[in-house]
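Values in this text are rule-based calculations from the coordinates and carry no lab data. As the structure is a prediction and not an experimental result, all values here were calculated from the model. Cβ coordinates were reconstructed from backbone atoms using ideal geometry, including for glycine residues, and neighbour counts include every protein chain displayed.
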Amino acid sequence: YSERQLVVIQDFPDPDALSSAWAYQLIAEQYNIQCEIIYAGTLSHQENIALVRLTKLPAKRWGVQTLKERDFSVYQGCVLIDNQGTTSQLIPFVKQAGIPITVVIDHHSNQEQLNPEFADLRPQTRSTATILTQYIQAGLLQLDINNNEHVKCATALMHGLRSDTNLLMQAQEEDFLAAGYLSRFYDIQLLKAVLQSARSRRVMDIIERALKNRIVQDNFSLAGVGYLRYDDRDAIPQAADFLVTEENVHTAVVYGIVHDEDEELEFALGSLRTNKLTLDPDEFLKEAFGQDSNGRFFGGGRMMAGGFEIPIGFLCSFNDNPKYAKLKWEVFDMQIKHKLLRLVEPKDVFA
C-alpha cells in the first residue's frame, strides 16, 4: 500500500458509522490506501455487537489508555466518517501526532472547522450509509455478489441505512434508491440474524428501572436510572426507545451516571427519542444543556433521536460510600430534570 489512513468513528459507534467506515475502507483499497477503522469507546448495543461479529466488520477499539503505545507516525491521514471529531476522544491524539484530517463524510450539521482536503457534509441526508452507497453506485467500487466481503458490507450498509431512517419510515427518495441498489447484494438471512440478537438481562433491568422512575409531563417522559456500568451504557437508548412507545408520550429522555472503572471516570449520559415531527432533538438538547468551556456542546442529535454526555470531573469518585453516591445522584438527577423541564414546561419549573 502506498498510503495508510486512520478512519475514526464516534466513541460509541452505531450501524450507520460502522457500515459507512467499512464501505470507505473497501473504496480506499481500490486506490492503494490501507485503512484502519478505530473507535475509543465500546460496542454495547446487542445489534452492534452482532453486526460486527456476524459480518466480521473490521473495526478495532483503541482505548485512550493504550494510545501512548500506538505509533501514529505510520499514518498519512485521518478520515472522519459519520462524525466531525466532536464525538471521539481520539481526535486530540490525532492532532497531537500531526496527522492531517484528509476526509470528512457526515450527515450531521456542520460542527467543527476541520478544513479537510475533502468534505462531504449533508445535513439534509438521513444517513451516512446513503452517501457511501451513492459513491459505490457512482462506480468507486464494483460490488460483486460472489465476493463474500462485498455481500457482508452491503448487508451492513442496509442495516445502517435502515437504523438511521427509523426502518425507512423517515427515509427520503435518495435513501430508498440507495436501499434499492443494496437489495441486489445484501444477505437477508444475515441481516435477520443481526436484528434478532437478544436483549441482555442487565438491559432489561435498566429498562425496568426507567419505567419505575419515569415522570410524564406534557407528553414528555423523563427517567433517571441512577448508576450503571460502562458495559451497560447502551441500555439507556434502549430504555428511551421503550418509553417513547407509551400512549400520550411523544418524547422520552432517559439518563444515568456511567461508571467506567478502566478509565477511572464517570459521566452523565442521556438519550432522547421522539416521534414529534416539530421537535428537533439537536436544537432541544443543545438549548437544554449548553456547551463546555471549549464551546463543545454536551448534547446533540438527528431526526427523532439525540443524546448527551456530561463529564462529572471533580465529583468523580471510586470508593464512594453509599451516602455520598446517593447524594451525588440526587444532585445530577435534579439538575438534568430541571434543565429539561425548563424547556418542556417553562412556567412550572421549580425555582
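Points worth noting:
- Neighbour-count order for Met304, Met169, Met334, Met158, fewest beta carbons within 10 angstrom listed first: Met169, Met334, Met304, Met158
- Amide H to amide H distances under 5 Å link Arg302 with Asp282, where only residues 5 or more positions off or on other chains count and H is placed in the peptide plane.
- Applying the criteria of a DSSP loop state and at most 14 other Cβ atoms within 10 Å to the trypsin sites (Lys or Arg not before Pro) of segment 1-110 yields Lys56.
- Given charges at beta-carbon only (K, R positive; D, E negative), |dipole| of segment 3-195 in Debye: 440 debye
- Each principal axis of the Cα cloud of segment 280-337 was taken in turn, and the coordinate range along them, longest first, works out to 40, 24, 15 Å.
- Cβ-based net charge around Arg302, under 10 Å, with every Lys or Arg adding one and every Asp or Glu removing one: -3
- Near Val151, once Lys and Arg are set to +1 and Asp and Glu to -1 for all other residues with Cβ below 11 Å from its Cβ, the sum equals -1.
- Charge tally around Asp280: other residues with Cβ under 13 Å, Lys/Arg +1 each, Asp/Glu -1 each, net 0.
- The packing ranking of peptides 17-30, 193-206, 144-157, highest mean first, is 17-30, 144-157, 193-206, where packing means the average number of other beta carbon atoms within 10 angstrom of each residue.
- Hz values of 3J(HN,Hα) by residue in segment 212-229 - Karplus curve (6.51, -1.76, 1.60), Gly and Pro given as x: 5, 8, 5, 10, 10, 9, 6, 6, 9, 10, 10, 9, x, 10, x, 8, 9, 6
- Of Lys95/Lys152; Lys212/Lys276; Lys286/Lys328; Lys152/Lys192; Lys95/Lys286; Lys68/Lys95, those spanning more than 21 Å from alpha-carbon to alpha-carbon: Lys95/Lys152; Lys212/Lys276; Lys286/Lys328; Lys95/Lys286
- Here the calculated FRET efficiency for Asp71 and His338, from their Cβ-Cβ distance with R0 = 51 Å, stands at 0.65, rounded to the nearest 0.05.
- Rounded to whole numbers, the Karplus 3J(HN,Hα) couplings from phi for segment 246-262 are 5, 5, 6, 10, 10, 9, 10, 10, 10, 8, x, 9, 8, 10, 9, 5, 4 Hz, using 6.51 cos²θ - 1.76 cosθ + 1.60 with θ = phi - 60°, and x at Gly and Pro.
- Once backbone amide H atoms are built at 1.01 Å from N, Leu228 has Ile257, Val258, His259 as its partners under 5 Å, excluding neighbours fewer than 5 places away on the same chain.
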